[in-house]
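Since the structure comes first, as structure tokens, the remarks are kept for the end.
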Amino acid sequence: MIHIREDRRYQRVFTALFVVKIARVEHAAHEHRDRAPRMRLEKDGTLTKENTGGTYDDSNVLIENIDRIHITELGIERIKRNLGLESADILAWCITKIKCSDSLTRKGKNWYVYADAVAITINVNSYTVITAHKIKETRI
């Protein structure tokens, strides 16, 4: 038989442990829900299953929304530093590379654009250019 003391200290500890246990259960249920396939409502009214966590081949979405692409001041500095660019308009440079890209893939929350030995990373939701890096050549 379990005896619960009337003392306030023990009631507080018991309540805190109970709340932590509930939070863990809710967190586990939330993680399981995230692994389930999600449905996305398209512009034409149809429902399609989202691929969560895999590689996407829906490159037309980025090209169709190319006017939404933007960049932050820190992103401009980062890209200039990584690529050694002196260009004043980094956003225009990135958009040009996206339009003439060799490969364009979506993996998780980012788009990866490969063009002229450069990899550009763009956030899927906000269309923010995050960074760009030189692609190292592999020797065979």
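Throughout, read-outs are computed from the coordinates displayed, never taken from laboratory work. Since this is a predicted model, take the numbers as computed values, not measurements. Neighbour counts are summed over all protein chains in view; Cβ atoms, including those assigned to glycine, are modelled from backbone coordinates with ideal geometry.
Yes/no per residue for (1) of a type in the set (S, T, N, Q); (2) surrounded by fewer than 18 Cβ atoms within 10 Å (Cβ to Cβ):
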site: Ala88; (1), (2): no, yes
site: Leu91; (1), (2): no, yes
site: Cys94; (1), (2): no, no
site: Ser103; (1), (2): yes, yes
site: Arg106; (1), (2): no, no
site: Ser126; (1), (2): yes, yes
site: His133; (1), (2): no, yes
site: Glu137; (1), (2): no, yes
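Of these, Ile130, Ile76, which one is assigned to a helix (DSSP H, G or I) and more than 17 Å from Ile63 (Cβ to Cβ)?
It is Ile76.
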Check: Which of the residues spanning segment 82-98 are within 16 Å of Ile69 (Cα to Cα) and out of contact with any helix residue (DSSP H, G or I) (no Cβ under 7 Å at 6 or more places or on another chain)?
Finding: Asp89, Leu91, Ala92, Trp93, Cys94, Thr96, Lys97
